Ligand code: PHB
């Protein structure tokens, strides 16, 4: 008897995890993956009854390698879905390749506005934020605090530029404020000293900054060591996320805006934090939440697909579009452009926590300019 190759329902779903495992954002990549795997574990190790097989790739936060890496996952590894990444420049390259190949993509961090604006795509979703969202919230916070003269400091790359623009949009919601200087250095440099000297000379009322990962820890330390923290309030988003271990009191009291906070009183967050701590012996941060929610989005998609089969991509899309995601950050739905509509919280560093102090903007949707998904 001849054994012909059998056509049977696909058993395992191939998930291409494209995240940084090296460089300044390495810890963010780990947190995202841990969050993703935690949700899968909570579901009994499967999503909608399907086993997952992970193909992992270190994208090194290098935009120049972004397209090649995404192509490898699609063409060589034949993944059914990609999850990635952290760095906006890499994610922009990845999004274009996903779009050309009609591959499902869930972005678990990178905020490049274009991903859910001009480059939006029916098979692309974001579990995180657009760069505009948290920084707009931070701008509102600074404006409401009566800050008048601001200096900004960030990396010169897509996310840095968009962070500062988002902040300025929020800051402009109250008249009378002024950004007197924008300081930048190339990604991922951390030679902050000359710029800190400039800030001391400019004597603004406050500084606004976007740095993240290992570089953010160094910035907090350097700002404190330069004696600036006591004199010039430092506002941010992302700076104090995942960076508070080992900083002593250098970050104490720093105010920020973000779509997650310590001290949210919802049942989902309590369970998530307890499970995460048990699994990884560490408290979760916003990046872990975004990874966890990427897996939740994937489950919502599979539930919408015929026979929970990921090959039914249009069913998958419908499943996500109609879902309410029960996130540790609070429930959210997807905008028409597939970006979370979410509350931006106000926070203050107390010990090792970004303690919730209030709400910067409730249910904030990115403007989604140039996206024609309906
Ligand atoms: C980005 O490049 O979009 C990015 C990176 C790290 C963050 C936030 C945004 O913490």
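At least 3 residues that are within 30 Å of residue 246 (Cα to Cα) and within 16 Å of the ligand (Cβ to nearest atom) in each: list the helices (runs of 4 or more DSSP H) lying fully within the range 267-340 that qualify. Steps first, please.
Working: elements: 267-280, 286-304, 313-321.
Qualifying helices (runs of 4 or more DSSP H): 286-304.
Which residues, counting only those in the range 186-212, are within 16 Å of the ligand (Cβ to nearest atom) and over 26 Å from the mean Cα position of the chain (by Cα)?
Quick first cut of the range 186-212, residues within 16 Å of the ligand (Cβ to nearest atom) only: 186-190, 208-212.
Residues satisfying the conditions do not exist here.
The set of residues in the range 220-249 that are under 24 Å from the mean Cα position of the chain (by Cα) and touching a residue at least 60 places away in the same chain (Cβ under 8 Å) comprises 235, 236, 237, 238, 240, 241, 242, 244, 245.
Considering (1) outside any loop (DSSP other than H, G, I, E, B); (2) away from the ligand (no atom under 16 Å from the Cβ); (3) in contact with a helix residue (DSSP H, G or I) (Cβ under 8 Å, 6 or more places away or on another chain), the lone condition that residue 79 does not fulfil carries the number (1).
Can you pull out the residues in the range 140-167 that are outside any strand (DSSP E or B) and within 12 Å of residue 207 (Cα to Cα)? Write out each step before concluding.
At the first step, the residues of the range 140-167 found to be outside any strand (DSSP E or B) are 140-148, 157-167.
If the condition is that a residue be outside any strand (DSSP E or B) and within 12 Å of residue 207 (Cα to Cα), then 142, 147, 148, 164, 167 are the ones that fit.
Taken together, 237, 215, 250 contain a single residue that is within 12 Å of the ligand (Cβ to nearest atom), within 27 Å of residue 22 (Cα to Cα) and surrounded by fewer than 22 Cβ atoms within 10 Å (Cβ to Cβ), which is 215. Scanning the range 168-175 turns up no residue that is crowded, with 23+ Cβ neighbours inside 10 Å, assigned to a helix (DSSP H, G or I), under 17 Å from the mean Cα position of the chain (by Cα) and more than 13 Å from the ligand (Cβ to nearest atom). Looking across the range 148-160, just one residue is out of contact with any helix residue (DSSP H, G or I) (no Cβ under 9 Å at 6 or more places or on another chain) and either more than 13 Å from the ligand (Cβ to nearest atom) or free of Cβ contacts under 8 Å to residues at least 12 places away in the same chain (or both), and that is 148.
Would you mind finding the one in 133, 165 that is surrounded by fewer than 19 Cβ atoms within 10 Å (Cβ to Cβ), closer than 23 Å to residue 369 by Cα and within 16 Å of the ligand (Cβ to nearest atom)? Outline the logic, then answer.
Numbers: 133 fails: surrounded by fewer than 19 Cβ atoms within 10 Å (Cβ to Cβ).
After applying the criteria, what remains is 165.
Return yes or no: is residue 41 exposed (fewer than 15 other Cβ atoms within 10 Å of the Cβ), out of contact with any helix residue (DSSP H, G or I) (no Cβ under 8 Å at 6 or more places or on another chain) and under 30 Å from residue 277 (Cβ atoms)? Don't jump to the end; show me each part of the working.
Details: exposed (fewer than 15 other Cβ atoms within 10 Å of the Cβ): yes; out of contact with any helix residue (DSSP H, G or I) (no Cβ under 8 Å at 6 or more places or on another chain): no; under 30 Å from residue 277 (Cβ atoms): yes.
No.
Mind listing whichever residues of the range 220-246 are modelled with pLDDT of 95 or more and closer than 24 Å to residue 290 by Cα?
Step one: of the range 220-246, the residues modelled with pLDDT of 95 or more are 220-244.
Passing the criteria: 220, 235, 236, 237, 238, 239, 240, 241, 242, 243, 244.
Contact map, the range 297-320: first residue under 18 Å from residue 37 (Cα atoms), second residue in a helix (DSSP H, G or I), Cβ cut-off under 6 Å, separation 6 or more or different chains; pairs are 297/320; 300/319; 300/320; 301/316; 301/319; 301/320; 302/308. Restricting 251, 215 to those that are in a helix (DSSP H, G or I), at pLDDT 95 or above and farther than 26 Å from residue 105 by Cα reduces the list to 215.
For residue 61, the conditions (1) in contact (Cβ under 8 Å) with a residue 40 or more places away in the chain; (2) within 16 Å of the ligand (Cβ to nearest atom); (3) assigned to a strand (DSSP E or B) all hold with the exception of (3).
Applying the set (1) within 15 Å of residue 348 (Cβ to Cβ); (2) outside any loop (DSSP other than H, G, I, E, B); (3) within 12 Å of the ligand (Cβ to nearest atom) to residue 257 leaves exactly one unmet item: (3). I want to confirm something. Restricting to the range 91-106 and keeping residues that are without any contact (Cβ under 8 Å) to a residue 60 or more places away in the chain and within 16 Å of the ligand (Cβ to nearest atom), which single residue is nearest to the chain's Cα centre (by Cα)? Once the filter is applied, the top-ranked residue is 91. When the range 147-176 is filtered for residues that are in contact with a strand residue (DSSP E or B) (Cβ under 8 Å, 6 or more places away or on another chain) and at pLDDT below 95, nothing remains.
Filtering the range 51-76 to residues that are in contact with a helix residue (DSSP H, G or I) (Cβ under 6 Å, 6 or more places away or on another chain) and either under 21 Å from residue 311 (Cα atoms) or surrounded by fewer than 16 Cβ atoms within 10 Å (Cβ to Cβ) (or both) leaves 70, 71, 74.
The values are calculated or read from the model by the stated rules, or taken from the named source; none is laboratory data. Just so we're clear, the structure is a prediction, and the values are computed from it rather than from any experiment. Reconstructed Cβ throughout: ideal geometry from the backbone, glycine too, with neighbour counts over all protein chains shown.
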